[in-house]
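Encoded as structure tokens, the structure appears first; notes follow it.
The values are calculated or read from the model by the stated rules, or taken from the named source; none is laboratory data. As the structure is a computational prediction, the values presented were derived from the model and not from experiment. Cβ placement follows ideal geometry from the backbone for every residue including glycine, while neighbour counts extend to all protein chains displayed.
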DNA sequence: CCGTAACTTGACCCGGTGGTCAACATGTCT
DNA sequence: AGACATGTTGACCACCGGGTCAAGTTACGG
């Protein structure tokens, strides 16, 4: 790879990281290129697709952020505290960082590293949930799919509220958590989605455009 | 108004109703015109804007659906049952009818009749909430803004899940409701949004395109 | 210092959106 | 039936998105 290509790739990565974190993963590629001071042809030349760019720019970041949160949760002596803290922390990431919000809300099948991060994250969530359920503090009918559903629905509003300077999303999380404490309140009227179902949902861009 | 113009307006209204309920309030106006077998110029001529069309087509429908739900809630002898039933019913509307989902999720300032419906609905929700709070069954720190926040975040995922043939959104509603029973579980870590704040949020299209 | 391979560029394609308007058609009233 | 108002049409505008590629530029090894 020639030196100038490397430079351009670096610039594009930087611009992409900026814009992704500022406005979400769906910013136009031409705008990223513009922001990087480079022709959009170069972007396509160097990365080929939005998903590849996302994979290079966001996967690591997501892995560390989500990994940290999960590790902290499992390190917490009280399983419920660990669980509740995890949920809150992830929601905070959603409110704070549009890119991470989209990572939880959408799915990009061609971003293989990111997909791996998501899978790991899901597995970690299962551990955290499991621990709290076994502990008897989390209601036994709550599943990781339910968490993902909640996170996916929560992301856009949390982001918007935070952008508007409000913390109100914390209230929604609070209500939810209070509903999750054992013993189960009301029996649930439906089956959870399977991970495949929810995955499919997010690939389609469920929460997006609401279209 | 000439007879043919009336005919065309009726066709356009019908097409708009169809497409709105099938795909949400953001379907392209040209597509509605196409679907009505009429030039898009005619649509602009007769209605002028998307919001005017929405106002004519959706406002009544929304008024009756939401009004029915609210009336049923207030008629329910048990305030908590009334509240829980109301929330569930509205969520069901969101899952079932993309147009109504959007009504709860977005705001169209130029659709004056629809805006009135929204305001009435908000007021009705306040009554329902108030009654359940006074009854002691609903936690006292829950506000109508919190409900609106929940509904707005819930709509897109509920719609997508329902479209995928899943009832899983009912679980989310169930968790939430269990978190709302008095006595308040955990003290809330933030102020609710004011109606103005949340309105502004929805006008901006917060939940949309997650953009 | 020069030739070549690597790279960049921006015009261009496609399809989509909202929106306007001159030219044309048609209903309607006398 | 005729004439005018009322409506309709679809080409056209500007903008956006993703994506391609011939032509021009630039880095780099010999």
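Just checking, does segment B:32-43 include any residue being away from DNA strand C (no atom under 14 Å from the Cβ), surrounded by 14 or more Cβ atoms within 10 Å (Cβ to Cβ), assigned to a helix (DSSP H, G or I) and not assigned by TED's automatic domain parsing to the domain that holds residue B:175?
No.
As an exercise: evaluate residue A:207 against (1) at pLDDT 95 or above; (2) facing chain B (nearest Cβ under 8 Å) and give the number of the one condition it does not meet.
The single condition residue A:207 does not satisfy is (1).
Taking residue B:3 as the residue in question, decide whether it is within 23 Å of residue B:100 (Cβ to Cβ), modelled with pLDDT of 95 or more and either away from every other protein chain (no Cβ under 14 Å) or within 9 Å of DNA strand C (Cβ to nearest atom) (or both).
Here the answer is no, as residue B:3 does not meet what is asked.
Can you name every residue in segment B:22-49 that is more than 12 Å from DNA strand D (Cβ to nearest atom) and within 14 Å of another protein chain (Cβ to nearest Cβ)?
B:22, B:23, B:24, B:25, B:26, B:27, B:31
Select, from A:113, A:107, the only residue that is touching a residue at least 12 places away in the same chain (Cβ under 8 Å), outside any helix (DSSP H, G or I) and either away from DNA strand D (no atom under 16 Å from the Cβ) or under 21 Å from residue A:172 (Cα atoms) (or both). Write out each step before concluding.
Values: A:113 fails: outside any helix (DSSP H, G or I).
Criteria check complete, one pass: A:107.
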